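The values are calculated or read from the model by the stated rules, or taken from the named source; none is laboratory data. These numbers were taken from a predicted model, which means no experiment stands behind them. Ideal geometry is used to build each Cβ from the backbone, glycine not excepted, and the neighbour counts take in all protein chains shown.
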Amino acid sequence: MTDAVTVTPGAENAATVRADEAAGLNPVAAVVMTLADVAVAFDGRTAVRDVTFDVHAGEVTSLIGPSGSGKTTLLRALNRMHDTVRTAAVTGTVRLGDLDVYAPSTDPTLLRSRVGMVFQRPNPFPTMSIYENAVAGLKFNGIRKKALLDEAAESALVAAALWDSVKDRMSAHASTLSGGEQQRLCIARALAVEPEVLLMDEPTSALDPIATKRIEELVVELKDRVTIIIVTHNMQQAMRVSDRCAFLLMGEDKAGELIEYGPTAQLFSEPTDPRTLDYVNGRFG
């Protein structure tokens, strides 16, 4: 596992430092992931382009923007989920610490154990038990010792705020859980392999308000354990859970592009681009 890169700001980014400090963020926080001129195309058509920003350790970064602006496409590029799409092409650079995510020598399977994913709809393995779901990633990575699996399952379920409600029914099928519980089980499954970054694609869009509130609380609690990047259409949710925010918008050629990136508090109150202000105030979308 590589160490995150610590960035010492210089005079040229003093404004960024001031913005971070004003938002209560650490201006010299370690950078876990770096995106530089990232673009994704399908069958030769660009879906998202020219995305550059750093993802900081111990923070939640939200990706916001209208439908079709490339948020999920960008998110899936960060752990090579597009590898299975024959017509997909990702250009630019994505780095996890000092690892080049798209280098030919990078093993996508190992990468995904370091950059986990939680999808829009809960997707536990329905025929597996709660316990089997929690340790599925570890078993896939070759871990078989029961004591290690038991410890990891409990730790992940505790972190996902699910342990107390399932500890006495670990052998029950995952399908017996409510929608919100199933999503927390999926989060636990991702956490069990101890990823450095957790990608979340609208994780509350299929949940009721009570379950949504619990997942939002969980996201905030988890950032001390794992750096999180979350796609959301809900502006209030972005304000509640994220430390930094990236706003994407579809250009005239129908490709998504990064309009603005910065501390969430600044982006929602004093954005540098008028299009950002229009979007967060609901004037288009």
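For (1) closer than 19 Å to ASP54 by Cβ; (2) hydroxyl-bearing (Ser, Thr, Tyr); (3) at pLDDT 95 or above, each residue gets a yes or a no:
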{"site": "ILE229", "(1), (2), (3)": "yes, no, yes"}
{"site": "ASP243", "(1), (2), (3)": "yes, no, yes"}
{"site": "LEU249", "(1), (2), (3)": "no, no, yes"}
{"site": "ASN281", "(1), (2), (3)": "no, no, no"}
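For the stretch 239-257, the criterion of a residue being charged (D, E, K, R), out of contact with any Leu (no Cβ under 9 Å at 6 or more places or on another chain) and part of a helix (DSSP H, G or I) is satisfied by at least one position.
GLU202: free of Cβ contacts under 8 Å to residues at least 40 places away in the same chain and more than 22 Å from VAL17 (Cα to Cα), yes or no?
no
Residues being surrounded by fewer than 18 Cβ atoms within 10 Å (Cβ to Cβ), in contact with an Asp or Glu (Cβ under 6 Å, 6 or more places away or on another chain) and part of a helix (DSSP H, G or I) are represented in the stretch 101-110 by at least one member.
The residue that is farthest from ALA89 (Cα to Cα), counting only those in the stretch 117-151 that are buried (at least 18 other Cβ atoms within 10 Å of the Cβ) and of a type in the set (Val, Ile, Thr), is ILE130. Scanning the stretch 118-170 for residues that are over 20 Å from LEU198 (Cα atoms) and among the acidic types (Asp, Glu) returns GLU132, ASP150, GLU151, ASP164, ASP168. Taking the criterion of being over 18 Å from VAL115 (Cβ atoms), part of a helix (DSSP H, G or I) and among the hydrophobic types (A, V, I, L, M, F, W, C), the residues of the stretch 172-218 that qualify are ALA174, LEU185, ILE210, ALA211, ILE215, LEU218. Confirm whether VAL193 is crowded, with 17+ Cβ neighbours inside 10 Å and under 24 Å from GLY70 (Cα atoms). When the stated conditions are applied, VAL193 does not pass them. Within the option set ARG95, ARG114, ARG80, being in contact with a helix residue (DSSP H, G or I) (Cβ under 8 Å, 6 or more places away or on another chain), modelled with pLDDT of 95 or more and either polar (S, T, N, Q) or surrounded by fewer than 22 Cβ atoms within 10 Å (Cβ to Cβ) (or both) holds for one residue only, ARG80. On the given criteria, is THR212 under 22 Å from SER242 (Cβ atoms), touching a Gly at 6+ places or on another chain (Cβ under 9 Å) and surrounded by fewer than 20 Cβ atoms within 10 Å (Cβ to Cβ)? Criteria met by THR212. In the stretch 236-265, the qualifying residues are those that are more than 18 Å from the chain's Cα centre (by Cα) and surrounded by fewer than 18 Cβ atoms within 10 Å (Cβ to Cβ), and the one that is nearest to LEU74 (Cα to Cα) is MET250. Screening the stretch 33-68 for residues that are in a strand (DSSP E or B) and of a type in the set (Ser, Thr, Tyr) and picking the one that is surrounded by the most Cβ atoms within 10 Å (Cβ to Cβ) gives SER62. Only a single item in (1) modelled with pLDDT of 95 or more; (2) over 23 Å from LEU111 (Cα atoms) is not met by SER67, and it is number (1). Within the stretch 240-255, residues that are touching a residue at least 12 places away in the same chain (Cβ under 8 Å) have Cβ atoms under 7 Å from residues that are of a type in the set (Asp, Glu) and assigned to a loop (DSSP other than H, G, I, E, B) in these pairs: ASP243/GLU59; ARG244/GLU59, counting only partners at least 6 apart in sequence or on another chain.
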